[in-house]
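The values are calculated or read from the model by the stated rules, or taken from the named source; none is laboratory data. Given the structure is predicted, the values throughout are model-derived calculations rather than measurements. Cβ: placed from backbone, ideal geometry, glycine included. Neighbour counts: every protein chain shown. SASA here: full protein model, heavy atoms, side chains in, ligands and nucleic acids out. Shrake-Rupley method; radii C 1.70, N 1.55, O 1.52, S 1.80 Å.
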Number of protein chains: 4
Amino acid sequence: MTTKHDTSRVYHFPVRVYYEDTDAGGVVYYANYLRFAERGRTEAVRECGQNWPDVFAKHNMYFVARHAEVDYLASARLDDLLDVKTEFVAVGAASVTAKQSILRGETVLAEIKVVLVAINPAGKPVRIPPQLRQIFGG
Amino acid sequence: MTTKHDTSRVYHFPVRVYYEDTDAGGVVYYANYLRFAERGRTEAVRECGQNWPDVFAKHNMYFVARHAEVDYLASARLDDLLDVKTEFVAVGAASVTAKQSILRGETVLAEIKVVLVAINPAGKPVRIPPQLRQIFGG
Amino acid sequence: MTTKHDTSRVYHFPVRVYYEDTDAGGVVYYANYLRFAERGRTEAVRECGQNWPDVFAKHNMYFVARHAEVDYLASARLDDLLDVKTEFVAVGAASVTAKQSILRGETVLAEIKVVLVAINPAGKPVRIPPQLRQIFGG
Amino acid sequence: MTTKHDTSRVYHFPVRVYYEDTDAGGVVYYANYLRFAERGRTEAVRECGQNWPDVFAKHNMYFVARHAEVDYLASARLDDLLDVKTEFVAVGAASVTAKQSILRGETVLAEIKVVLVAINPAGKPVRIPPQLRQIFGG
């Protein structure tokens with residue numbers, strides 16, 4: 001059963017743009033917004049007292065992306081200080097959906113949705129343990 | 001006006017997976033499928049006799065992503081030889097939509113849709129010139 | 001004339017290791033230590049009140065690497081919190097040398113030396129302006 | 001015992017520069033030359049009938065960088081077709097040294113030296129098996 005929730009905790013994580021993130025167009029390379037998004041999700045989970053190596057050690061599972069989408073509204077540039085905003089908006093037995101935004105000040109540069117699935121090392125979907133479900137609002 | 005087309009040319013480009021593309025999960029990092037997709041689009045355009053530096057030099061425009069989405073169906077792994085399949089499925093005055101797949105043999109690993117917009121150096125959308133529209137099936 | 005200095009200011013910058021930084025070997029990909037090093041140099045310059053876009057706007061110059069070397073002593077892993085230690089150890093008319101270390105706690109994981117050259121947009125070496133020389137200990 | 005050899009086989013591997021490889025300076029990002037170099041070493045080994053996953057499966061070992069250095073002589077740019085030239089110039093019991101160049105036509109853009117060490121999954125150096133030593137000229 002997937003739980004959708006209207007109100008959910010919002011996490012913020014600052015990301016600085018370095019040369020490594022940009023491309024010859026003078027802006028952040030389009031795939032790198034997904035890197036920033038993953039940093040935001042990782043830090044949201046950390047704020048709740050969990051981290052990926054511990055989750056793997058305790059539960060023998062980790063998360064992989066099943067779906068990702070990005071709407072690019074404006075470009076991030078070298079040396080920008082960005083805000084990665086993360087909300088977990090739905091959680092299922094083995095999956096979780098994050099809605100994220102990349103902002104520069106008040107300006108939304110990108111809107112991102114990522115669906116993650118919990119799998120074991122053999123690649124089989126597994127139930128998300130209660131301690132983690134709680135983080136995702138389940 | 002956006003032109004959708006039922007039949008369109010399909011381009012193929014081989015991509016080898018190196019250590020740089022993988023992550024500690026032992027598979028290709030989720031954002032990197034968008035890198036492979038961009039290589040595929042670039043090479044599709046090159047097969048039609050165009051390349052990005054020339055397009056910029058002649059038309060003072062280049063393409064940026066407006067939207068990207070990826071469905072991850074199976075994981076690519078170190079040393080895999082992938083096939084990036086690219087079709088341009090719709091073209092508008094200033095935009096073009098690509099549908100792409102990443103395959104290993106017959107197995108589809110990822111399905112990708114990217115909407116690109118033609119802009120000038122000031123960031124304003126501009127008309128795609130006829131020579132390029134033709135590539136995109138317009 | 002190159003100025004070498006025995007005592008120089010030491011800068012520290014924290015870097016967290018995310019999936020994007022690792023490879024299928026389970027450790028940080030070897031080229032990515034140079035990314036971390038560049039973040040450290042950028043933040044050292046920022047601590048001194050300068051940043052790359054301003055330097056370019058004011059002086060019409062930027063820095064490019066002329067030489068880089070890394071000694072890999074131990075591996076950084078997913079979720080590690082690293083310390084990037086930066087010292088500028090020599091400054092010439094158009095060049096600056098940084099010695100950097102990547103540490104996890106007290107353990108030195110990598111030792112890095114980078115020589116940067118100041119160039120103008122035409123690619124010609126230019127004199128480093130006094131405000132910047134000062135940062136580099138000149 | 002380390003074997004140095006005066007004449008050694010030279011491998012060539014073509015690399016195309018895409019947006020992902022460049023930065024806001026309009027050129028290939030300095031760390032990415034090490035990515036290109038690793039592709040070149042991987043393909044040199046493949047030309048000799050070996051690949052990393054097989055080496056790991058058969059010998060329970062893989063190679064990690066112990067040292068890397070790059071001299072940057074000229075910049076690679078978007079859409080350049082580069083030639084990665086690889087020679088294995090010395091081989092020890094557990095280590096191998098590669099000298100590599102990145103060229104655009106006749107122009108050498110970068111000269112690279114990488115020392116690799118063979119380790120087991122526990123991180124201990126191990127003897128390079130004869131089949132591989134042969135590749136490296138030992």
**Message:** Restricting to the range D:99-138, and then to whatever is in contact with a Pro (Cβ under 9 Å, 6 or more places away or on another chain) and of a type outside the set (Gly, Ala, Ser), can you tell me which residue is surrounded by the fewest Cβ atoms within 10 Å (Cβ to Cβ)?
**Reply:** D:119
**Complete:** Checked C:14, C:53 against criteria (closer than 19 Å to residue A:39 by Cβ and in contact with a strand residue (DSSP E or B) (Cβ under 9 Å, 6 or more places away or on another chain)); the one match is C:14
**Request:** Name the residue, out of D:82, D:103, that is assigned to a strand (DSSP E or B) and in contact (Cβ under 8 Å) with a residue 24 or more places away in the chain.
**Result:** D:82
**Complete:** The residue that is nearest to the chain's Cα centre (by Cα), considering only those in the range D:70-80 that are at the interface with chain C (Cβ under 9 Å from one of its Cβ atoms) and open to solvent by less than 30 Å² (accessible area, probe 1.4 Å), is D:70
**Asked** Which residues, taken from the range B:98-128, are in contact with a Lys or Arg (Cβ under 8 Å, 6 or more places away or on another chain) and not aliphatic (A, V, I, L, M)?
**Response** B:99, B:100, B:101, B:111, B:113
**Prompt:** Within the set of pairs 6+ apart or on separate chains, which have a first residue in the range C:111-138 that is at pLDDT 90 or above, a second that is charged (D, E, K, R), and C-beta atoms under 6 Å apart?
**Reply:** C:111/C:71; C:113/C:69; C:113/C:99; C:115/C:66; C:117/C:66
**Asked** Can you tell me which residue in the range C:81-103 is farthest from the other protein chains (Cβ to nearest Cβ), limited to those that are small (Gly, Ala, Ser) and under 23 Å from residue D:23 (Cα atoms)?
**Response** C:94
**Prompt:** Tell me, which residue of the range C:87-98 that is in contact (Cβ under 8 Å) with a residue 40 or more places away in the chain, outside any loop (DSSP other than H, G, I, E, B) and under 11 Å from residue C:66 (Cβ atoms) is least open to solvent (accessible area, probe 1.4 Å)?
**Reply:** C:96
**Positions within the range B:29-67 being β-branched (Val, Ile, Thr) and at the interface with another protein chain (Cβ under 9 Å from one of its Cβ atoms), in sequence order** = B:42, B:64
**Number of positions in the range D:12-25 that are open to solvent by less than 10 Å² (accessible area, probe 1.4 Å) and more than 14 Å from chain A (Cβ to nearest Cβ)** = 1
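Considering only the range C:35-69, state which residues are in a helix (DSSP H, G or I) and open to solvent by 40 Å² or more (accessible area, probe 1.4 Å).
C:46, C:47, C:53, C:54, C:56, C:57, C:58, C:59
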**Prompt:** Within the range C:71-83, is there a residue that is among the basic types (Lys, Arg) and more than 21 Å from residue C:11 (Cβ to Cβ)?
**Reply:** yes
